[in-house]
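Contents: one structure, followed by commentary.
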Amino acid sequence: MTESLTEKKPLAGNNVINQVAFVVRDIEQASEAFAKLLGIPKPNWFLTGDREVSKVVFRGQPTDSRSKLVFMNTSTVQIELIEPNQEPGTMREYLDTVGEGIHHIAFDVDSIKDRLPVFEENGYPLLQSGEFTSSDGRYVYVDTLKSHKTLMELLESGRDTAPTTDVFTPLLGTNKVEQLAIVVKDLDATAEAYCRLLGVEKPPVIHSGPSELTQVIFEGQPTDAKSKYMFINTPLLQLELIEPGDSTSTWKKHLETQGEGVHHISFVVHDMDEKVKLLENLGYPVIQRGNFWNGKGRYAYMDTIAAYKVIIELLERY
């Protein structure tokens, strides 16, 4: 199956990012934390099948890679937690080289046989493949790390993504993940790659506002926090691409210390000061806060990495 690079068609056949997956060292602790965050009962993990069942192939070689998995369905995206064993596999490799964090985002596809060649023809080779343990389905990871700063998973299955009905009060008052934000060195190049992936037109570049408007405080000190942004909308999740400027900011620090990649996930709240205080009392201090570039809201980045393996951003819109 061949598709032109110039056609505005999603490479996966759709542009619905419906899963965000985290690699963790302790799935029990991570499950408990995420269940509290999302306001759902803590699910039990399960172990993927052995080599005969899962048929995992990593970088062209069969492997005994197995993982403990948890799936948490929200009103939009599914959160997946993965604790890999010590055998070769993309999750084990990520944990050993990067540490805990967001390993991939996922798309459901009708046919991996049809869709994988499209990714390969666009320069995104197969990294790992396998079969599902408890359902008739399969998955592949394609290597989009250089271009998209995270991996993509294609899922061919009838998996259950319906939101959990037994919902308690989420920690932040909502369990809707609003944004996934990625820090990049070259905004235009990364945006081009994502727009090609998603089959959408490139949105306009947004420049950070003047400091008297944004009033950014980073690690307790005022800063211009110069940067360029781009927001790419998908049906369930907004992608935010951020290219930091020369002034100090959490984005610049991330780029200098960790390189390009996922910086934070966002939740929209209606009582910013209350939620900031709540998280601070739980041991998650503010990293950076300020006003939107256009003055139509404010944000706060909270240091939630220890519990949630990623920074959580609180957004309050006016």
### Task
Determine, yes or no, whether Gly101 is closer than 25 Å to Ile311 by Cβ and open to solvent by less than 50 Å² (accessible area, probe 1.4 Å).
yes
### Message
Go through region 111-130 and report how many residues are open to solvent by 60 Å² or more (accessible area, probe 1.4 Å) and either of a type in the set (A, V, I, L, M) or at pLDDT below 95 (or both).
### Response
1
#### Entry: Residue ID - surrounded by the fewest Cβ atoms within 10 Å (Cβ to Cβ), chosen from residues in region 59-94 that are out of contact with any helix residue (DSSP H, G or I) (no Cβ under 7 Å at 6 or more places or on another chain) and of a type in the set (A, V, I, L, M, F, W, C)
Phe71
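Any idea which residue in region 204-220 is nearest to the chain's Cα centre (by Cα), counting only those that are part of a strand (DSSP E or B) and among the β-branched types (Val, Ile, Thr)?
First pass over region 204-220, keeping only residues part of a strand (DSSP E or B): 206-207, 216-218.
Those still in the list that are among the β-branched types (Val, Ile, Thr) too: 206, 216-217.
On the way: Ile206: 21, Val216: 24, Ile217: 25 Å.
Result: Ile206.
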### Task
Any chance you could count how many residues in region 255-265 are open to solvent by 10 Å² or more (accessible area, probe 1.4 Å) and either in a strand (DSSP E or B) or closer than 23 Å to Pro210 by Cβ (or both)?
2
### Task
Being touching a Ser or Thr at 6+ places or on another chain (Cβ under 9 Å) and outside any loop (DSSP other than H, G, I, E, B) is the filter here, so list the residues in region 221-239 that pass it.
Gln221, Pro222, Thr223, Ser227, Lys228, Tyr229, Met230, Gln238
### Query
Residue check: is Arg92 touching a residue at least 24 places away in the same chain (Cβ under 8 Å), within 21 Å of Ser31 (Cα to Cα) and of a type outside the set (Ser, Thr, Tyr)?
yes
### Task
Just give me the residues in region 137-152 being open to solvent by 10 Å² or more (accessible area, probe 1.4 Å) and assigned to a loop (DSSP other than H, G, I, E, B), in sequence order.
Asp143, Lys149
### Task
Taking the options Thr133, Thr161, name whichever one is among the hydroxyl-bearing types (Ser, Thr, Tyr), farther than 26 Å from Ala307 by Cα and modelled with pLDDT under 95.
Thr133
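When you go through Glu201, Glu192 one by one, which is the residue that is in a helix (DSSP H, G or I) and open to solvent by 30 Å² or more (accessible area, probe 1.4 Å)?
Values: Glu201 fails: in a helix (DSSP H, G or I).
Every option except Glu192 fails the conditions.
So which of Gly123, Gly60, Gly39, Gly99 ends up being at positive phi and under 17 Å from the mean Cα position of the chain (by Cα)? Even if it seems obvious, please write down each step before you answer.
Values: Gly123 fails: under 17 Å from the mean Cα position of the chain (by Cα); Gly60 fails: under 17 Å from the mean Cα position of the chain (by Cα); Gly39 fails: under 17 Å from the mean Cα position of the chain (by Cα).
Only one candidate qualifies: Gly99.
The values are calculated or read from the model by the stated rules, or taken from the named source; none is laboratory data. These numbers come from a predicted model, not from an experiment. Every residue, glycine as well, gets a Cβ built from its backbone with ideal geometry; the counts of neighbours run over all protein chains shown. Heads up: the accessible areas ignore ligands, DNA and RNA and are worked out on the full protein's heavy atoms, side chains in. Shrake-Rupley method; radii C 1.70, N 1.55, O 1.52, S 1.80 Å.
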